[in-house]
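Comments concern the structure below.
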Amino acid sequence: DQQVKQNSPSLSVQEGRISILNCDYTNSMFDYFLWYKKYPAEGPTFLISISSIKDKNEDGRFTVFLNKSAKHLSLHIVPSQPGDSAVYFCAARTDSWGKLQFGAGTQVVVTP
Amino acid sequence: EAGVAQSPRYKIIEKRQSVAFWCNPISGHATLYWYQQILGQGPKLLIQFQNNGVVDDSQLPKDRFSAERLKGVDSTLKIQPAKLEDSAVYLCASRPSGSGGSGNTIYFGEGSWLTVV
């Protein structure tokens, strides 16, 4: 069963504007959430993460928000840049062994 | 620091043939993962090693897939015989020790792209 869901397969945003990527999950045992970015023909690279005890984490242009009651997290990219065009995966961890479950990804295209 | 190394990058085989992928994790990383990513989907865990022991292989199709990490460093994933639906990117990843900080992050290799025809 798909415990991590990214319901928007694609997102187009203008350069300089905000990109908002959404992720929903069903397993209340998830204790750590991560966002990965993937360029074509490359492996996913870690972007930003958040522990379940927090509701916000910020790193430069990237901010992740966690709403545990709604089982929802989002990634905000401000301002969006052409180099941000990639597939973004939401992932969640259920245990200390670090096994991650991934969403299907959202393709972001930033237009000039 | 060198990243996760994988080879070969690309492989095309006919169905029912066999293929093997190799992975060398980041130095010192005790945990190693093999993920399968089918086009349009997120990565799915196939197997997880802690040193040379298997932690989780519940989603590994054991009738055709096998993996080993004999010395607790590099690892090999084998598919025999391959099916058309095995066409995917096979991602190796590793994680540092510890439960906090960087220990929460998994680092991926560039992947091995398999096409079964």
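Sorted from largest down, give the three principal axis spans of the alpha carbons of the range B:52-117, whole angstrom values.
43, 23, 20
Can you sort B:V117, B:V55 by how many other beta carbons sit within 10 Å, fewest first?
So the ranking, lowest neighbour count to highest, is B:V117, B:V55.
What number does the range A:44-112 give for Rg over Rh if you use C-alpha atoms and the Kirkwood radius?
The Rg/Rh ratio comes out at 0.97.
Count the DSSP beta bridges whose two residues both fall in chain A, then state the antiparallel fraction as a percent rounded to the nearest 5.
The answer is about 90 percent antiparallel.
Going by how many other Cβ atoms sit within 10 Å of their own, how do B:S58, A:S85, A:S80 line up, fewest first?
Final ranking by Cβ density, sparse to dense: B:S58, A:S85, A:S80.
Determine the relative contact order of chain B: mean sequence separation of Cα pairs under 8 Å and six or more apart, normalised by residue count, in whole percent.
Here the relative contact order equals 36 percent.
What net charge do the residues around B:P43 carry, taking every other residue with its C-beta under 12 Å from that of B:P43, with Lys and Arg at +1 and Asp and Glu at -1?
With Lys, Arg at +1 and Asp, Glu at -1, the net is +3.
Taking the Cα centre of the protein assembly as shown as origin and charging only Cβ (+1 Lys, Arg; -1 Asp, Glu), how large is the dipole, in debye to the nearest 20?
The dipole magnitude comes to about 240 debye.
Setting aside same-chain residues fewer than 8 positions from A:K38, which aspartates and glutamates have a Cα under 15 Å from its Cα?
Of all the aspartates and glutamates, those that pass the test against A:K38 - Cα under 15 Å, at least 8 places apart if same chain - are A:D84, B:E110.
State to the nearest 20 debye the size of the charge dipole of chain B about its Cα centre, where the only charges are +1 on K and R beta carbons and -1 on D and E beta carbons.
It works out to roughly 220 debye.
List A:K38, B:K62 from most exposed to least, where exposure is judged by having the fewest other Cβ atoms within 10 Å.
With the fewest neighbours first, A:K38, B:K62 line up as B:K62, A:K38.
Please state the relative contact order of chain A as a whole percent: Cα pairs under 8 Å, 6+ residues apart?
37 percent
Do the alpha carbons of any pairs in A:K54/B:K83; B:K11/B:K71; A:K56/B:K71; A:K68/B:K62; A:K56/B:K83; A:K54/B:K62 sit beyond 32 Å of each other, and which pairs?
Beyond 32 Å between Cα atoms: A:K54/B:K83; A:K56/B:K71; A:K68/B:K62; A:K56/B:K83; A:K54/B:K62.
Would you tally the net charge around A:F62, using a Cβ to Cβ cut-off of less than 14 Å, leaving A:F62 out, and scoring K and R as +1, D and E as -1?
Surrounding charge for A:F62 is 0.
I need the Debye-formula profile for the protein assembly as shown: one equal scatterer per C-alpha, no solvent, reported as log10 I(q)/I(0) at q = 0.11, 0.12, 0.13, 0.14 1/Å, two decimals.
Log10 of I(q)/I(0), two decimals: -0.55, -0.65, -0.77, -0.88.
None of the figures in this text is laboratory data; all of them are computed from the coordinates on show. As the structure is a computational prediction, the values presented were derived from the model and not from experiment. Note that each Cβ is placed from the backbone with ideal geometry, even for glycine, and that neighbours are counted across all protein chains shown.
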